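Working notes, structure below.
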Amino acid sequence: MIYTTTSHFLQLHRALTTYYGRNLFTSSISWLAPGGKQAAPAPLARTHGDLIHAVPPGTIFWNSSTQQPAAETPEDLFLSKAFSNSMRPSKIIPYFYRATNRPAANDITMTTLITSNRFHVFSRLVERYQGPISVAIHVKNVTSHVDDLLASLHTLYASSPLMAAHVDVHLIVDVFDRQFNTWRNVARFFARTDYVMMLDIDFSLCTDFRRVIRESSELRGRLDEGVAFVITAFEYSNLDEGTNQEVFPRTKEDLLELVNVGRIGMFHASWQPGHNSTEYARYYAAAPGEVYEVTRYQPAYEPYIVMKKDGPPWCDERFIGYGGNKAACLFEIYLSGISFQVLADHFIIHQNHQYEETIRKNERKHNRKLYSEFKEETCLKYLKTYADAGLLNTPLGKNAREECVKIKGVAKIARQIIADAEDQLLDAPTS
């Protein structure tokens, strides 16, 4: 399947030779602990002053198709363009720590984002996954915060051999809180495998979908053709019961026992549109090994998905704070023609915690209007793109055709674009 994406930095990333002037991709320095044993990589910086001033700027080089010397661009300029819709000024430091293991191309990188108050939860993910992880960490550009965070981060990174082996850490240093989609893009952009999963840090991985996908050429073929696999999300009904992942079920059989007695159910069941397109009743009844397509999509749907790293659209960085940010990201991914398919043997469970409801309420109000406008402009973009390319009446254009006529602000023009595309198809000469 052909992908279409309008994200400018996808083309930039493909052109990048993956060489930085200061060798960012190998920036972590390994050192020996007493006795000559390998220890955790040393950080690029230990203080706020080091982070802002002493980490040397890099240069990105592009090879030329001729014998001319490689073209070069300052790293900060490249990254400012790559993430140009995010709030600025912001400094992105890729590979502040770089994992010592080199993952296989067909592996799945877990891409996530954390703040300093979630370090303890992140360590659980690392221990559970034991595979490649690309994490974006927001650093508030305040001296006291930076110094404390860098010390805590180094303690965390040195706490486990699995951390140093599998985790690539990328820092975003600025004064802006909750730029979630920018942080998601940073984690995905610097992932080093062909496939990624976007995961919120508070979920526990209960089943080994990574191994199943890697060992199945058929499943990887679906990913390559434009499928995103949904890993179904659950949570405990009792807040306190859902805080200890050590007792979470690890098989679907054990999960269903808890579902049947009401102890576990759909994640965020109070907000049905967020996950009900997964069709939980169908998930419960699915046969072992079954993979089924999501056929009741709606724009508030925000599943956790495994997909190709290169190809699907990137998350829109204009969404700041809670509300609509992930849904908008997945809406554009879906409109681009990607099919959401549920792996019915696999699941994740939310590790319950308290939310900052006042902040969430205010930010959701602001993002509600943005998301309404975003759906309209994204529909027009994909309808126009596929109509001009002669793809609107192909399987690639199916999601855009079906969803955009439901969006009130553009329904009329969407129907006209679709009708015009059908007329052009009828008028096309036949061989």
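The values are calculated or read from the model by the stated rules, or taken from the named source; none is laboratory data. In this text the structure is predicted, and so the values were computed from the model without any measurement. As a convention, Cβ positions derive from the backbone with ideal geometry for all residues, glycine included, and neighbour counts pool all protein chains shown. Note: areas computed on protein heavy atoms with side chains; ligands, DNA, RNA excluded. Shrake-Rupley method; radii C 1.70, N 1.55, O 1.52, S 1.80 Å.
Annotations
- Some residue of the range 328-344 being touching a residue at least 24 places away in the same chain (Cβ under 8 Å), polar (S, T, N, Q) and assigned to a strand (DSSP E or B): yes
- Of all the listed residues (Thr111, Thr73, Thr143, Thr115), the sole one being in contact (Cβ under 8 Å) with a residue 40 or more places away in the chain and in contact with a strand residue (DSSP E or B) (Cβ under 9 Å, 6 or more places away or on another chain) is Thr111.
- One residue from Tyr284, Tyr301, Tyr292 being open to solvent by less than 50 Å² (accessible area, probe 1.4 Å) and outside any loop (DSSP other than H, G, I, E, B): Tyr292
- Any chance Glu376 is assigned to a helix (DSSP H, G or I) and either touching a residue at least 60 places away in the same chain (Cβ under 8 Å) or crowded, with 21+ Cβ neighbours inside 10 Å (or both): no
- Whichever residue in the range 304-326 is within 22 Å of Ile108 (Cα to Cα) and over 11 Å from the mean Cα position of the chain (by Cα) and, among such residues, is surrounded by the most Cβ atoms within 10 Å (Cβ to Cβ): Gly311
- Among residues of the range 79-115 being surrounded by fewer than 21 Cβ atoms within 10 Å (Cβ to Cβ), within 19 Å of the chain's Cα centre (by Cα) and among the polar types (S, T, N, Q), the one that is nearest to Phe209 (Cα to Cα) is Asn106.
- The single condition among (1) part of a helix (DSSP H, G or I); (2) within 22 Å of Glu225 (Cα to Cα); (3) in contact with a Phe, Trp or Tyr (Cβ under 9 Å, 6 or more places away or on another chain) that Glu363 does not satisfy is (2).
- Residue match in the range 175-188 (condition: over 20 Å from the mean Cα position of the chain (by Cα) and in contact (Cβ under 8 Å) with a residue 24 or more places away in the chain): yes
- Looking across the range 60-77 at every residue that is in contact with a Phe, Trp or Tyr (Cβ under 8 Å, 6 or more places away or on another chain) and modelled with pLDDT of 80 or more, the one that is most open to solvent (accessible area, probe 1.4 Å) is identified as Glu72.
- Checking each residue in the range 122-147 for being in a loop (DSSP other than H, G, I, E, B) and surrounded by fewer than 15 Cβ atoms within 10 Å (Cβ to Cβ) picks out Gln130, Val142.
- Of all positions in the range 79-89, at least one carries a residue that is aliphatic (A, V, I, L, M) and not in a loop (DSSP other than H, G, I, E, B).
- In the range 249-262, the residues that are in contact (Cβ under 8 Å) with a residue 12 or more places away in the chain reach residues that are charged (D, E, K, R) with C-beta atoms within less than 7 angstrom, at least six apart or across chains, in these pairs: Lys252/Asp345.
- Selection count where residues are at pLDDT 95 or above, in a helix (DSSP H, G or I) and open to solvent by 60 Å² or more (accessible area, probe 1.4 Å), scope the range 402-414: 3
- For the criterion of being modelled with pLDDT of 95 or more, out of contact with any Pro (no Cβ under 6 Å at 6 or more places or on another chain) and farther than 29 Å from Glu127 by Cβ, Ala233 fails.
- For the criterion of being charged (D, E, K, R) and under 20 Å from Met307 (Cα atoms), Asp76 fails.
- Residue list for the range 352-373, restricted to those being modelled with pLDDT of 80 or more, surrounded by fewer than 19 Cβ atoms within 10 Å (Cβ to Cβ) and not small (Gly, Ala, Ser): Asn352, Arg368, Lys369, Leu370, Glu373
- Here the condition is being farther than 30 Å from Asn367 by Cβ and among the aromatic types (Phe, Trp, Tyr); of Phe248, Phe176, Phe234, Phe189, it holds for Phe248 alone.
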